[in-house]
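Trainee: Before we start, here is the structure in question, set down as structure tokens.
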Amino acid sequence: RDASGALQVIQTTEQDPPHAFGFVPVLGVDVWEHAYYLRYQNRRGDYVDRWWSVVDWEQAARNYDA
């Protein structure tokens, strides 16, 4: 979220954290190959689809409120 509390979808490169740009991370997904390659090979979309099913929404809400 940004300083006003509005949710933003951002993409960072390399290892830049959202904090470096003034954002508070609420939820993140790692799509570098090291995160999914052993199980999903080149099927990044399948990895992201599965990722949605394991998101801890209660923790994301706490992150937003923090």
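Trainee: If you wrap the chain's Cα atoms in a convex hull and average its projection over all directions, what's the area in nm²? It would help to have the intermediate numbers written out before the result.
Mentor: On the way: hull surface 19.8 nm².
With every direction weighted equally, the projected area is 5.0 nm².
Trainee: Per the 1.4 Å probe, what fraction of the accessible area of the chain, in percent, lies on carbon and sulfur atoms?
Mentor: On the way: 2850 of 5420 Å².
Within the chain, the accessible surface is 53 percent carbon and sulfur.
Trainee: How much accessible area per residue does the chain have, counting only protein heavy atoms and a probe of 1.4 Å, in square angstrom? Numbers along the way, then the final one.
Mentor: Values: 5420 Å² over 66 residues.
Dividing the accessible area of the chain by its residue count gives 82 Å².
Trainee: Just tell me the longest site-free run in the chain, where the sites are trypsin sites (Lys or Arg not before Pro) in a DSSP loop having at most 16 other beta-carbon atoms within 10 Å. Write down the numbers at each step before the final one.
Mentor: On the way: sites that count: 1, 43.
Here the longest segment lacking exposed loop sites spans 2-42.
Trainee: Work through the residues other than residue 54 whose Cβ is under 14 Å from its Cβ and net out their charges, Lys, Arg +1 and Asp, Glu -1. Working shown, then result.
Mentor: Values: positive: 39, 50; negative: 30, 46, 49, 56, 58.
Residues close to residue 54 contribute a combined charge of -3.
The values are calculated or read from the model by the stated rules, or taken from the named source; none is laboratory data. Worth saying up front: this structure is predicted, and the values here are computed from it rather than measured. Neighbour counts are summed over all protein chains in view; Cβ atoms, including those assigned to glycine, are modelled from backbone coordinates with ideal geometry. Accessible surface areas use protein heavy atoms only, side chains included; no ligands, DNA or RNA. Shrake-Rupley method; radii C 1.70, N 1.55, O 1.52, S 1.80 Å.
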